[in-house]
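Just below is one structure, and these are the notes that go with it.
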Amino acid sequence: MNAVTLPETTNLLGFDLDGLAAFCEQLDEKRFRATQLFRWIHQKGASDFAQMTDLAKSLRDKLATRAHIAALPVISEHLSSDGTVKWLFDVGAGNAVEAVFIPEDDRGTLCISSQAGCAVGCRFCSTGHQGFSRNLDTGEITAQLWFAEHSLRKRLGTEERVISNVVMMGMGEPLQNYSALVPSLRTMLDDHGYGLSRRRVTVSTSGVVPMIERLREDCPVALAVSLHAPNNPLRDQLVPLNKKYPIAELLASCNSYLDKAPRDFITFEYCMLDGVNDTPEAARELVELVRGKVSCKINLIPFNPFPASGLKRSSNERVKAFADILIQAGLITTVRKTRGDDIDAACGQLAGEVQDRTKVHVRMVRAPVQVHFVKSGKPGSAQG
């Protein structure tokens, strides 16, 4: 006797509201039912259709056989002494991704992953050193927020929203997973979902210029760009994507993005590497690169060392001296406070287990970084 194969059900975390409405239409249900269902899932954290008492029983019965709501399996959870929480999620086939919650007095920020690993291979990022396996789908991206928000509510004994800010700064390059990213962003922003402000949802990119331009049209949220160097020769070594989209193109796309951005500035992330990009010369070159050319905030990030990088963290004195030059030149400059160091949850440290498809161990064997400063010509040019 042949075994009966049950139909595969759909994880509803993979839909934004329009997608869920289309799914409900397939069930001969009207859009307002999708809105009700969306609220149950995202505002209340419900995963059992039987709990959704204002839905018609006929719809609940349909959903029970056609759909499910499921978070990613949690492999581990680590709580830092500063209150930071890091979760390691199983995404199948031996791969895992990480998400981090950072509590502060005036906000709660969740850092979300978009890929299992990362193919960009930035020199200072431990995720990049482990390689790349695959893109996450929309449901896997959204599931990180769904799980974190509702598990934290239970832990804190509150029905109030815990997560006020989301940053796509976890594992992966979000703009290389664009089709899955945008529906997840729309769910975060939807008033029937998490109701987050566009100003409080940030996509961080290493500089995928064409997708910055698409995001500007499709779903403009706050934008953070991993700059890390004031000229092309140095950035080519630190952020390999620069060879495809050099600094001049990147800054032009940032200026264009500002036309529709929810904030009137772009955040430039700048990881402070001892003796590499942290000198007074580099600071002055950075000033010349951006001052009066793009409205921006510079976020200086203390490097979190790991052995494979061959790099060291800049001293506090060098970071302060670098920041002082930027501030005196009139640039808004902050130094990121490190959080979650004791659980490897700080910036650049996320590194879940990934089955690498990119032979990163070969690509990342490099000579020491060569420092370049532009003495003439346009800032950001390839002159060394």
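The values are calculated or read from the model by the stated rules, or taken from the named source; none is laboratory data. Remember, it's a predicted structure, so these values are computed and weren't measured experimentally. Please note: Cβ atoms are built from the backbone with ideal geometry, for glycine as well, and neighbour counts cover all protein chains shown.
Output the residue which, of all residues in the range 9-30 that are surrounded by 14 or more Cβ atoms within 10 Å (Cβ to Cβ) and aliphatic (A, V, I, L, M), is farthest from His42 (Cα to Cα).
Checked the range 9-30; the qualifying residue farthest from His42 (Cα to Cα) is Leu27.
Just checking, which of Leu289, Leu241 is more than 18 Å from the chain's Cα centre (by Cα), crowded, with 16+ Cβ neighbours inside 10 Å and assigned by TED's automatic domain parsing to the domain that holds Pro230?
After ruling out the rest, the residue left standing is Leu289.
From the list Gly45, Gly108, Gly83, which one is surrounded by fewer than 16 Cβ atoms within 10 Å (Cβ to Cβ) and closer than 25 Å to Ser197 by Cβ?
Result: Gly83 is the single residue among Gly45, Gly108, Gly83 that is surrounded by fewer than 16 Cβ atoms within 10 Å (Cβ to Cβ) and closer than 25 Å to Ser197 by Cβ.
Have a look at Gln51, Gln36 and point out the one that is loosely packed, with under 15 Cβ neighbours inside 10 Å and more than 19 Å from Arg155 (Cα to Cα).
When all the criteria are applied, what remains is Gln51.
If I filter the range 57-77 down to residues being charged (D, E, K, R) and outside any strand (DSSP E or B), which single residue comes out as farthest from Gln26 (Cα to Cα)?
Lys57
Hey, Val97 hits all of (1) part of a strand (DSSP E or B); (2) more than 27 Å from Phe38 (Cα to Cα); (3) of a type in the set (A, V, I, L, M) but one; which does it fall short on?
Among (1) part of a strand (DSSP E or B); (2) more than 27 Å from Phe38 (Cα to Cα); (3) of a type in the set (A, V, I, L, M), the lone unmet condition for Val97 is (2).
Checking the structure you have, find out if any residue of the range 84-98 is in contact (Cβ under 8 Å) with a residue 12 or more places away in the chain, in contact with a Lys or Arg (Cβ under 9 Å, 6 or more places away or on another chain) and either outside the structural domain of Asp236 (by TED's automatic domain parsing) or on the phi > 0 side of the Ramachandran plot (or both).
The answer is yes; a qualifying residue exists.
Please report, ordered by residue number, the helices (runs of 4 or more DSSP H) entirely within the range 226-334 with at least 2 residues that are modelled with pLDDT of 95 or more and more than 22 Å from Ser204 (Cα to Cα).
280-290, 316-328
Condition check: small (Gly, Ala, Ser), in contact with a strand residue (DSSP E or B) (Cβ under 7 Å, 6 or more places away or on another chain) and surrounded by fewer than 18 Cβ atoms within 10 Å (Cβ to Cβ). Does Ala64 satisfy that?
It is false that Ala64 is small (Gly, Ala, Ser), in contact with a strand residue (DSSP E or B) (Cβ under 7 Å, 6 or more places away or on another chain) and surrounded by fewer than 18 Cβ atoms within 10 Å (Cβ to Cβ).
Return yes or no: is Gly94 surrounded by fewer than 18 Cβ atoms within 10 Å (Cβ to Cβ) and either touching a Leu at 6+ places or on another chain (Cβ under 9 Å) or within 30 Å of Val208 (Cα to Cα) (or both)?
Spelling it out, Gly94 is indeed surrounded by fewer than 18 Cβ atoms within 10 Å (Cβ to Cβ) and either touching a Leu at 6+ places or on another chain (Cβ under 9 Å) or within 30 Å of Val208 (Cα to Cα) (or both).
When both residues are 6+ apart or on different chains and their Cβ atoms are under 6 Å apart, which pairs have a first residue that lies in the range 23-34 and is touching a residue at least 40 places away in the same chain (Cβ under 8 Å), and a second that is β-branched (Val, Ile, Thr)?
none
Output the residues belonging to the range 232-277 that are of a type in the set (Lys, Arg) and free of Cβ contacts under 8 Å to residues at least 60 places away in the same chain.
If the condition is that a residue be of a type in the set (Lys, Arg) and free of Cβ contacts under 8 Å to residues at least 60 places away in the same chain, then Arg235, Lys243, Lys244, Lys260 are the ones that fit.
Being small (Gly, Ala, Ser), at pLDDT 95 or above and closer than 22 Å to Arg161 by Cβ narrows it down to one residue among Gly45, Gly83; which is it?
Just one listed residue meets the conditions, Gly45.
Could you check Leu27 against (1) under 18 Å from Phe147 (Cα atoms); (2) at pLDDT 95 or above and say which number it fails?
Condition (1) is where Leu27 drops out.
For (1) within 17 Å of Gly14 (Cβ to Cβ); (2) among the polar types (S, T, N, Q); (3) over 17 Å from the mean Cα position of the chain (by Cα), each residue gets a yes or a no:
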{"position": "Thr138", "(1), (2), (3)": "yes, yes, no"}
{"position": "Gln144", "(1), (2), (3)": "yes, yes, no"}
{"position": "Phe147", "(1), (2), (3)": "yes, no, no"}
{"position": "Arg161", "(1), (2), (3)": "no, no, yes"}
{"position": "Glu173", "(1), (2), (3)": "no, no, no"}
{"position": "Arg216", "(1), (2), (3)": "no, no, no"}
{"position": "Leu227", "(1), (2), (3)": "no, no, no"}
